[in-house]
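In what follows, a structure is listed as structure tokens, so that the remarks can point back to it.
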Amino acid sequence: MNAGRTGLLGAPTYPMLRDATQAALIEILERGGIPHEWNRAENFLVLKEPRSRILFRAVEEFERLRGSNLAWFGLDELTYAPQEAWLRLEGRLRDPRAKRLCGFAVWTPKGFDWVYERFVSARVTGYETVVARPFENRHLLDRIPDYYERLKHSYDGRFYEQEVLGEYLAMSGGRVYYAFERQESVVETSADESRPLMWALDFNVDPMCSVVAQVDGETVSVLDEIVLSRASTHQACEEFTRRFAGHPGGLVIYADASGARLQTSGTTDVEILKKFFHAGPYGGVWFKIPRANPPVRDRVALMNAKLESAAGERSLRVHPRCHELIKDFEQVTYKENSMIVDKDRDPRRTHLSDALGYLMWQECRTGPEAGERGQRLI
């Protein structure tokens, strides 16, 4: 309809644009034998037959969207984009030679956010919303019949309702770890000497916090917590070895990515850990410390799924001696009307649950057979 005109495809961030939106379009064009020319340097694509041009843009820096005259635009994952990006692009629909000016977007619900208000709750004249119901994707189910059932075991109940069933839920302003139930999740646990100990640290001076756990199949058992006021990483190591001296099953150490940062002493927390345990009596020591921390939202969703999945399974157990971790599960909340974890209300909160989250992200993430990723499944 807009032959020879320019349109734009966008996503919230450049990695999302590159790995999902752009990759999907290129795959469709190549599979369909549609002639096209992709200018990688300037990030646009030309459809040769209608002579139409498609700009690819990340919209997180929405002020950069000014200046273009567009015939159409489309945004992927709209709920992760700022409202200003949509408004800027809407204002660029002004190509006088376009036969149809049109903006469109696709999204998964993310609470009662601006997308809900603008397109679902109080619809603006001229907008139309198409709601795809659960299990409508027969193309996917024909290829992976148990796809949704797999997600039921991977996601917690509320996250499953939002991500799979497409329900609008109040996901913000309440308890972060809402799946935690003291009567169900607090269980006496003991160390299995045949399995490695897993020690996860959140590098913080006051308090210096860490948790000790073990994994048996799908079950994570938190054995103990270590909370030290105004302590160094070296002192945390000494306290760990005092409590768990000479465990024969080995030791795996997890931490947040900030541990690789250089301190004023000229070394890093990770280097201190490696030096301390270089010749320790643990039958082998392994380090699983990422270059970047996982997204908070994804880490929290994983924790809630282990506390109780949509299928009703509980596979995270906490020893009753872990008083501060239990307080985290019961007291950590989101800031009002947001999905931002409130770290200001109580300075002692979030550190232990963060430490456990780093461990679980490394050990319990859903495998490549199901789940949300930055690439197409089929």
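Compare the peptides 40-46, 297-303, 50-56 by average per-residue count of other Cβ atoms within 10 angstrom and give them in order, highest first. Present the calculation step by step, with values, prior to reporting the outcome.
Numbers: 40-46: 12.6, 297-303: 20.0, 50-56: 16.6.
Averaged packing, sorted descending, gives the order 297-303, 50-56, 40-46.
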Item to check | GNM top mover of Gly91, Gly32, Gly357 - the chain, alpha-carbon springs below 10 Å | outcome: Gly32
Checklist entry - For the chain, max minus min Cα coordinate along each principal axis, in Å, sorted largest first? => result 76, 46, 42
Checklist entry - In sequence order, what are the phi-derived ³J(HN,Hα) couplings for region 177-187 according to the Karplus relation 6.51 cos²θ - 1.76 cosθ + 1.60 with θ = phi - 60°, rounded to whole Hz, with x for glycine and proline? => result 9, 5, 7, 6, 10, 4, 5, 8, 9, 8, 9
Checklist outcome for this item: Restricting to aspartates and glutamates and to Cα separations under 13 Å from Lys343, and discarding same-chain partners fewer than 8 apart, the set is Asp328, Asp354
Checklist entry - With the contact rule set at Cα under 8 Å and sequence spacing of 6 or more, what percent relative contact order holds for region 6-107? => result 32 percent
Checklist entry - Scattering from the C-alpha atoms of region 6-107 alone, worked out with Debye: what is log10 I(q)/I(0) at q = 0.14 1/Å? => result -0.51
Item to check | Likely footprinting exposure, Phe119, Phe203, Phe73, fewest C-beta neighbours within 10 Å first | outcome: Phe119, Phe203, Phe73
Next on the checklist: Quick check: the angle from helix 233-243's long axis to the longest principal axis of the chain, C-alpha only, nearest 10 degrees?
Outcome noted: 50 degrees
Checklist entry - Out of Thr129, Thr233, Thr333, any idea which swings most in a Gaussian network model of the chain, alpha carbons joined below 10 Å? => result Thr129
Checklist outcome for this item: Straight-line reach check, Lys48, cutoff 17 Å on alpha carbons, 8 or more apart in-chain or any other chain, hits among aspartates and glutamates -> Glu27, Glu30, Glu37
Item to check | Built amide H within the under 5 Å cut-off of Tyr155, gap 5+ | outcome: Ala310
Checklist entry - Ranked by Cβ crowding within 10 angstrom, fewest neighbours first, how are Ser309, Ser353, Ser185 ordered? => result Ser185, Ser309, Ser353
Next on the checklist: Can you sort Cys237, Cys209 from fewest to most other Cβ atoms within 10 Å of each residue's own Cβ?
Outcome noted: Cys237, Cys209
Next on the checklist: Can you give me the long-range amide H partners of Ala105? Hydrogens built in the peptide plane at 1.01 Å from N, cutoff under 5 Å, separation of 5 or more residues or another chain.
Outcome noted: Leu75
Checklist entry - Could you work out the helix-only [θ] at 222 nm for the chain, with each DSSP H run of four or more residues adding -39,500 (n - 2.57) and the total divided by the number of residues, to the nearest 500 deg cm²/dmol? => result -7000 deg cm²/dmol
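Read-outs throughout are calculated quantities, based only on the coordinates presented, and are distinct from any laboratory measurement. Just so we're clear, the structure is a prediction, and the values are computed from it rather than from any experiment. A quick note on method: Cβ atoms are made from the backbone with ideal geometry, for glycine too, and the neighbour counts reach across all protein chains shown.
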